[in-house]
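Q: Got a structure for you, questions after.
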Amino acid sequence: MFHKALWMRNQKLGGPAVWAIYLSLFFFLPFSFYGRAQSLQTQVDRFHIDETQLNFSFHGVEIALFMTLILVGFASLLIGQERTTHSTDLTFSLPFNRKDIFLTKWMFGVVHITTGLLLNLLLCMLIVRFTILNEIADASFLLEFMILVVPFSIAIFTFSMFIGTIAGSIISQFILSFIFLFFPIGFFSLLGTFLMYHGVQLDMNYALNGTFKSFGAFIHTATLPIPVFEFAYYTDVVNEMNGSVTDYTRMPDYLVLLSPLIYFAVTFPLGIWLFSRTKNENNGRLLVFEKGKRFFSFGVVLCFALAFGMAGGGLFGSFDQSSLIGYYFSAAIGGVLSYLVLRKIMNIRLGLSK
């Protein structure tokens, strides 16, 4: 599976994303932690504040959204860039089978993603241990965050690689990957609104530590980036007289780790299978495979119809009553417009010189 020539080619394709991963993680994690530690130390030295009056917090959303963009961009550079520049002909002409080409791309990405996360989280632990943060924070929260963020990051990257096997360009891979990563929560919110207009209520409430106890909890768990977004760690003063401090970690139930495992188990082998059957003649277009266009078009039209209906039902309704007629009228407009626009987009071929 490891071939030096393929590894070097992937380095050339994904080099910008590799640098972005290491630099962004360093900025959002060790650099940020050290800056906050220095700020707290300055408060203690300059204003003679006691350590027990300080507090510290860390939120997964601080890095998760930007990290998701980087991971999707990384996968898009490794696969979509070759489709846009039509250089897949060169890659597939190399003396390696397509399975090895895909596996090398995936392994190249996973190695850098895992290394970047582990290295920077380790630096954060050292900063917590050897700065004033040690007085108020327990570095074990970073270990819990590591257990959560590493498998989810690998799953997001693997899913984006899978999307790259069906997308025809770097732009379509990036956009479709980002859309489908948040598809469960978006689609079922639209579906929940549709059912609400017809008298059916779904339990969309979501409690972070109540995994799978409601429909809303299930949908949040099925949306890959969400559990990482909602990770949080707090330290605060309980009793200023004796200086006792409490630690609180908002960590999803470990059952949520089934989500990246399932995504990986489905998209990794399917990505290999589809990559081995890639149609180079459709490079540059929205989708590579002709057979999937009808299903994809139906899904896009349905989602836009539901979205327009949700907006129109409230717009044409009264203050306390939504309009069912307005819902269907707006849904029809959204469906027709999306169908006409999609027909044009499907036939556009995006291509750049090699």
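Coordinate-derived values only; no laboratory data. Small disclaimer: the values here were computed from a predicted structure and weren't measured. Ideal geometry is used to build each Cβ from the backbone, glycine not excepted, and the neighbour counts take in all protein chains shown.
Q: For Leu270 and Tyr34, compute 0.36 nm times the residue count separating them, minus their Cα-Cα distance, and round to one decimal in nm.
A: Difference between extended and current length: 80.7 nm.
Q: If you don't mind, there's one more thing I want to ask. Report the gain in length on full extension from Phe66 to Leu324: 0.36 nm times residue separation, minus Cα-Cα distance, nm rounded to one decimal.
A: Residue separation times 0.36 nm, minus the Cα-Cα distance, leaves 89.0 nm.
Q: Which far-off residues, 5 or more places away or on another chain, put their amide H under 5 Å from the one on Phe56, with H placed in the peptide plane?
A: Sorted by chain and number, the residues that satisfy this are Thr235.
Q: Measuring from label point to label point, each 7 Å out along Cα→Cβ, what is the Val200 to His59 span in nm?
A: Going from the Val200 label point to the His59 one covers 3.5 nm.
Q: Residue-wise, which Karplus ³J(HN,Hα) couplings in Hz belong to region 188-198, taking 6.51 cos²θ - 1.76 cosθ + 1.60, θ = phi - 60°, and x for glycine or proline?
A: So the Karplus estimates, Gly and Pro as x, are 6, 5, 5, 5, x, 5, 4, 5, 4, 5, 10 Hz.
Q: Name the residues whose placed amide hydrogens come within less than 5 Å of the amide hydrogen of Arg250, ignoring near sequence neighbours (fewer than 5 apart) on the same chain.
A: Ala232, Tyr233, Tyr234
Q: Then there is this: For region 265-272, in order, what is each residue's ³J(HN,Hα) by Karplus, 6.51 cos²θ - 1.76 cosθ + 1.60 with θ = phi - 60°, in whole Hz (x at glycine and Pro)?
A: 4, 8, 7, 5, x, 5, x, 4
Q: Next question, about the same structure. Would you please give the FRET efficiency between Thr114 and Glu281, computed as 1/(1 + (r/R0)^6) with r the Cβ-Cβ distance and R0 = 51 Å, to the nearest 0.05?
A: With a Förster radius of 51 Å, E is 0.90.
Q: Among 301-308, 332-339, 76-83, how do they line up by average Cβ neighbours within 10 Å per residue, starting with the highest?
A: 76-83, 301-308, 332-339
Q: Sticking with this structure for a sec: If I model a spin label as a point 7 Å beyond the Cα along the Cα-Cβ vector, how far apart are those points for Asp100 and Trp7 in nm?
A: 1.4
Q: Take every Cα-Cα distance within the chain, group them into 10 Å bins from 0 onward, and report for each bin the whole-number percent of pairs it holds.
A: Going out from 0 Å in 10 Å bins, the chain shows 5, 20, 25, 23, 16, 8, 2, 0 percent.
Q: While we're here: Taking 7 Å along the Cα-to-C-beta vector as the label spot, tell me the Tyr254-Phe47 distance in nanometres, rounded to one decimal.
A: Distance between the two pseudo-spin positions: 4.0 nm.
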